[in-house]
Amino acid sequence: MTANSRCSAAEPPGLETQRREIESLLRECELCAGDSWYVVEHRWFEQWKEFVETGDQNSSSFPGQIDNTELFEDLDSYHLKERLVENEDFVLVPAEAWHKLLTWYSMVVGQPPLERKVVDLPSTLKVEVYPVEIFLCLHSNMDNLITAQFSRADNIHTIQKAMCQAFSVPPGSECRLWMKSSDSSCERLRNLHVSVLDACLSSGMTVIMETRNADGTWPSSRPQIMRNSVEEQDSYRGQSGVCGLTNLGNTCFMNSALQCLSNTPPLTEYFLQSSYLEELNFTNPLGMKGEIAEAYADVIKQMWSGRHYSVVPRVFKTKVGHFASQFLGYQQHDSQELLSFLLDGLHEDLNRVKNKEYIELRDAEGRPDQEVAEEAWRNHRRRNDSVIVDTFHGLFKSTLVCPECHKVSVTFDPFCYLSVPLPVSKERVMEVFYVSLDPYAKPVQHRVVVPKAGKVSDLCSALSEMTSVPPTQMVVADVFNHHFFKIYNADESLSCILDRDDIFVYELSVQEEQQEEQQEEQVLLALYLRERSHYRDYGSGSSSYGTSLFGHPLLLGVPRSSCSQEALYNLFLQRLARYVRRPDPSEELEEEEEDDDEEELYKTQTNGISDDEQQEEAEKVDPSQTQLSEDAAANSQPDATANADPPPELNHTQETTNGSGSQTELLTSAEGNDANCSSNENSCGNPSRTADATSESPAEQTPRPGEEEREEDKQEEACSPSPLTVEQPTKRRACRKRRKSLFTIQAVNSNGTTERGSGEGGSAVSFSSQPYVAIDWDPDMKKRFYNENEAEKYDKHASMEVPQQQTTVQLQECIELFTTVETLEEENPWYCPVCKKHQLATKKLDLWSLPEVLIIHLKRFSYTKFTREKLDSIVEFPLRDLDFSDCLLRKNLSNGEPPSCYDLIAVSNHYGGLRDGHYTSYAKNKDNGQWYYFDDSKVTYAREPQIVTNAAYVLFYHRQDKIRKPTLPPPSTSPASSTPQPANDAITSCKDNNAELGASSYVTMETD
Ligand SMILES: [Zn+2]
């Protein structure tokens, strides 16, 4: 220490004064976050203490200049040595004490003062002797690392400012910071307001900064977003906002919603101007820590950069799925549902209210609407204040009236969109084919109006009015691929029937009204037509032929007793008479006796129609009961003959009487080849010629002892309708010489395939369920006798000529429905505070105030107890001047209140049905005023008349006083131009390979 240096300091006070001042400062000064303290070498400070205690200015213990040399690692960097210990290696003095010491003693030249801040560490205040020392670099040049020290109390924004300065980043650039720890994992430093300590930044870590590209992407995520080559993307310059969104697999619902929001000017400008950065709410427990808002901002910035044909919103989709698991995966969703989630998520992520206070909601209690509404809005804004509230939130009045005590409860509630119902038609138009009992009548196509929630019987009733046939005489069936997909019961709901189903309604023969008790049961027989293939079906191991269904199936009511092969054959011939020609007498149809194939076929067919009940009956023969059935049979005979529809046996008679020799022969052989046929028919009450000829009363004619035997015969017959029953080979041989049938009858299952499982000749079909039979044709017989052309003919009823009008409703009607008084449903009652119980109150909604951008959701998806359907009525909505002044409850608008006139700016469309479908959107570009059609990655020009369709699902309206004039002229080529023509340079540069869209009004701008 030199005398000079000693003199250079200001004249210090006396030693006792020095001691007193410094000691009192050390004693009294408390740690206070943000204050500065200074590090002083312990040895020097002890020396000073000794010096002042001697009280001798000339003492040898004079400490000299403040010297912290021992604390430094070296005297170049002046880095503090690691692990220095307070009160061993150094002492901490408050700023005031430090400045006094510095004034009195000065400091060794070149040494930096060791100023340290008091930081508020969790649960303790502490002087931060060692600050956080981190490396900084740019994403674009990560080799250029610089070192910097920050306090744990500094926030990330301080680091960003320091980096912008250190790396000369142009002002106005949007930056993103990442921190990289030693294990080289990177994490976004998203919240700039968070402290270094809270961000878990510690010494040795690296902070990387990137700046947003001109195309809206970030350098770090560019590889994921880039789809085209770098050169192509970089050279592309298109209209801002006219940008497709790639479908990531059933994400058209999301793309459609995004395009609508993207074309909502106030919201998009808010993001493009980066206003959101200031308002990101990282702490809102209702929000998504700003992540949805940031991901949305990234998509919007890319879409509006004008440098992309199409953007891949993958990050956005992942974030959405992360926060709303229902949107995870790749199923189709509802664009309105996503919109609702997104508006809510953006609102909470951007909520300027950081701490929501609890506000108790008050009922109106008779106060004037104006007062209650203003209070409600004020309260809403105290908890919810964001660009979403500014843009989309309105207020409606909800009035509930208790049905019992008539308590009126009025509340005013904010809304983000209006979900308006569509008038639901309670009726439904169905197109069906009616098949008359008259075999010569073609099926007639009818259009009938039925109640939507009705039953199949309602369809029959509606058809009955046109046909004068009683509904009870109709059976409704769904025909699919030449067979019955479903035969409906009268009490089944019509909602089971889809519009695309082919519905046939069959007239059945009259059931006798007389002698109800003895009425013979009528069997509903389903009849299919099949053609035999030429090849044998070796695959199944049996030697039958393959068959394929053709033509129209039929439903016939057949008396149970007429189910013999013979009776059915004739019945079918008669019912098919319009397109199945009966063999001409001259035509040789004789069948050779030794037709092995034929024989074998019959043997292997499971060609029985069995009757469980009859079988049962046969097992426990009850003679009296049989007698009764015979009586019934006898009695029903005259009725059957009187029937307009001749029963099969009448054909017999006709054939016999009209018939030439060959027809008689056909009959004879048919009769003769099965001796028990006549008795069987007799016992079943079918008036055979024998019965007719011999006796008026078949019951008398047939003696009772024979009953049992005949029952067995009957059963056999039922099991084997084939004329050549396996059980009676001798008889078959005997009557071998016979006419060949046009077709054979085969019991089948509902699909029209032969059931093989129940064994050969076994009881394949049970009458306890629906019986199905097929008539099998040999191809050459079918060619000769089946008139395919005639079979396919049908007539159209006059009801088909009335043009079916598309239901059209006005948007205004939907809004009126929204404000119609309704009674709450059982599942959603209201708790009446007067009655102290839940009540099915009446509820009325009224619009009070409307937002700048009004979203109207058309509730096309209707789910009720009875039906789930999509309503595809056209809702006629105006493109301009949608005026709400008449339906706003608040009539006395003060001056300066905005008008309530709106123009359309975007539409989300849904095409398709309930479960499937496709979403697109129409939207108007805010900059050039042109309408575009957004279909995932494709964007085309749209004309205004195209916009109103029955696909419109969510409408976006902008209040007229807020609409700004387009800043750009509309595209140079009018989309109304008659030839597809590139509209400008940007459009020509695109790959136009979307020829199938080729409508003259469309110019393809981008193809994915
Ligand atoms: Zn009440």
What ranking, highest mean first, results for peptides 34-44, 158-168 when packing means the other Cβ atoms within 10 Å averaged over each residue?
34-44, 158-168
Probe 1.4 Å, accessible area per residue of segment 263-335, Å²
36
Quick one: if you stick a label point 7 Å off each Cα along the C-beta vector at residue 408 and residue 810, how many nm between them?
2.8
Modelled label-to-label distance, residue 60 and residue 363, 7 Å Cα→beta-carbon offset: nm?
9.5
Tell me the accessible surface of residue 86 in square angstrom (1.4 angstrom probe, heavy atoms of protein chains only), to the nearest ten.
90
Once fully extended, how much extra length lies between residue 883 and residue 96, figured as 0.36 nm per residue of separation less the alpha-carbon to alpha-carbon distance?
276.3 nm
The correct ranking of 32, 175 by accessible area at 1.4 Å, largest first, is 32, 175
Full extension between residue 28 and residue 502 adds, at 0.36 nm per residue less the Cα distance, a length in nm of 161.0 nm
Which value, in Å² and to the nearest 10, is the accessible area of residue 279 when all protein chains are kept and the probe is 1.4 Å?
40
Loop-resident GluC sites (Glu not before Pro) in segment 388-472 with no more than 14 other Cβ atoms inside 10 Å, DSSP not H/G/I/E/B, are 404
Sort 906-912, 452-458 by packing, meaning the average of other beta carbons within 10 Å per residue, with the highest value first.
906-912, 452-458
Given a Förster distance of 30 Å, report the FRET efficiency between residue 326 and residue 827 from their Cβ-Cβ distance, rounded to the nearest 0.05.
0.90
Which of the peptides 409-415, 104-110 is most tightly packed, and how do the rest follow, judged by the mean count of other Cβ atoms within 10 Å per residue?
409-415, 104-110
Suppose the chain between residue 486 and residue 424 were pulled fully straight at 0.36 nm per residue; how much longer would it get relative to their current alpha carbon spacing?
19.5 nm
Greater than 26 Å separation of Cα atoms is the criterion. Which listed pairs, 442/486; 397/859; 836/859; 289/926, meet it?
836/859; 289/926
For segment 37-143, report the accessible area per residue in Å² (1.4 Å probe, heavy atoms, rounded to an integer).
52
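The values are calculated or read from the model by the stated rules, or taken from the named source; none is laboratory data. Note that this is a predicted model, so its numbers are computed, not measured. Reconstructed Cβ throughout: ideal geometry from the backbone, glycine too, with neighbour counts over all protein chains shown. Areas reflect the complete protein model, heavy atoms only, side chains present, ligands, DNA and RNA absent. Shrake-Rupley method; radii C 1.70, N 1.55, O 1.52, S 1.80 Å.
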